[in-house]
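The values are calculated or read from the model by the stated rules, or taken from the named source; none is laboratory data. Note that this is a predicted model, so its numbers are computed, not measured. Don't worry about glycine lacking a Cβ; one is built from the backbone with ideal geometry, like all the others, and counts go over all protein chains shown. For accessibility, only protein heavy atoms count, side chains too; no ligands or nucleic acids. Shrake-Rupley method; radii C 1.70, N 1.55, O 1.52, S 1.80 Å.
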Amino acid sequence: MISLPLSDEIIKSLSKHELNILKYVYEHTEAILDASIQDFSAQVAYSSATVLRFCKKLGYSGFAEFKYALRAASRESAVQAESSRKEAASRSAHMMIDLLNSNVQATANLLREEQLIQTFRFFDSSASIYIWAPGGITDTVGEYLEKLLFSVGRQGVYRIESSRLFTHLMKTMGKNSVVVLISTSGTFGPSVRLGKLAQMNGIPVISITPYTSNEIADLSAVSFRFFTDQRENLGAEYTSRLPMFFIIHAIIQFYLKYKEETARLPEGGFHDSPV
């Protein structure tokens, strides 16, 4: 049986009908993975609107994201079953590669042209760009973005490592600035506080956060989402940052293409699309 990360609060919020849907999900997971919301509604004998409310109560934006979570949970369950039969060291490298590949492909499908265009307008403006990616491995992601922006000639990029310093700067940086928040969870307290402070000061936020509903994304003018599996071991978080690196790489590659196409346009011409 799969295991979804549902808190007691979420379970208590579900109606009788929604609990019936959840029970069906646990008992018929494989039959759901390739079903449309209409097919699933017919299976559980509830309306599509009821199914959609159910998905949103569980923290997903829609049925498609809910199915992805089921796939991830199903994969995790399969991995755990395999681990019980074999030593952890014997786990197939191909399974891990397939998982990473699946996450990157799903992340690529979330990229939207309007997000890229709005981001490029910030890049082409005179606004200072302040990057916040809290400590450890995630800070490396912020450093990667900073270096790539420098590599394409963007000046006025500042990566801040202290939330206290960032809070102080936020009060003085002015509206001609952009804040980039990078988070593996989308719920990290200091990052949420910085997002709220930016919103209060009229400073636009570009965020890179998970596909699940989260407060940092809700505070953002531009929200890039990624798929990954949240992982911990003995209290240490070691979630893969590969999809985050992919998003940053894709943004810069599209930006370079956008700049090349813009340079070929006649003066006063209209730029259509970077994609």
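Tabulated results
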| quantity | calculated |
| --- | --- |
| Hz values of 3J(HN,Hα) by residue in region 171-185 - Karplus curve (6.51, -1.76, 1.60), Gly and Pro given as x | 6, 10, 6, x, 6, 7, 8, 9, 10, 10, 10, 10, 8, 6, 10 |
| Local net charge near Ile131, Cβ-Cβ under 14 Å (Lys/Arg +1, Asp/Glu -1) | -1 |
| Residue (of Ala217, Ile252, Ser240) at the positive-pole extreme of the chain, dipole from beta-carbon charges | Ala217 |
| Leading residue at positive end of dipole, the chain (Cβ point charges), from Tyr24, Tyr60, Ala106 | Tyr60 |
| For the chain, convex hull of alpha carbons as volume per residue, Å³ | 167 |
| Region 39-78, dipole about Cα centre (Lys/Arg Cβ +1, Asp/Glu Cβ -1), debye to the nearest 20 | 100 |
| 222 nm mean residue ellipticity, helices alone, for the chain (DSSP H n ≥ 4; -39,500 (n - 2.57); rounded to 500) | -17500 deg cm²/dmol |
| Translational diffusion coefficient (Stokes-Einstein; Kirkwood radius from C-alpha pairs) of region 102-233 at 4 °C, 1.567 mPa s, in µm²/s | 86 |
| Highest average packing first - 16-24, 167-175, 133-141, 187-195, Cβ atoms within 10 Å | 187-195, 133-141, 16-24, 167-175 |
| Proximal charge balance of Arg121 [Cβ under 14 Å; K/R count +1, D/E count -1] | -1 |
| Unit charges on C-beta of K, R, D, E only; dipole of the chain, Debye | 500 |
| Accessible carbon and sulfur surface of region 128-175 relative to its total accessible area, %, 1.4 Å | 52 |
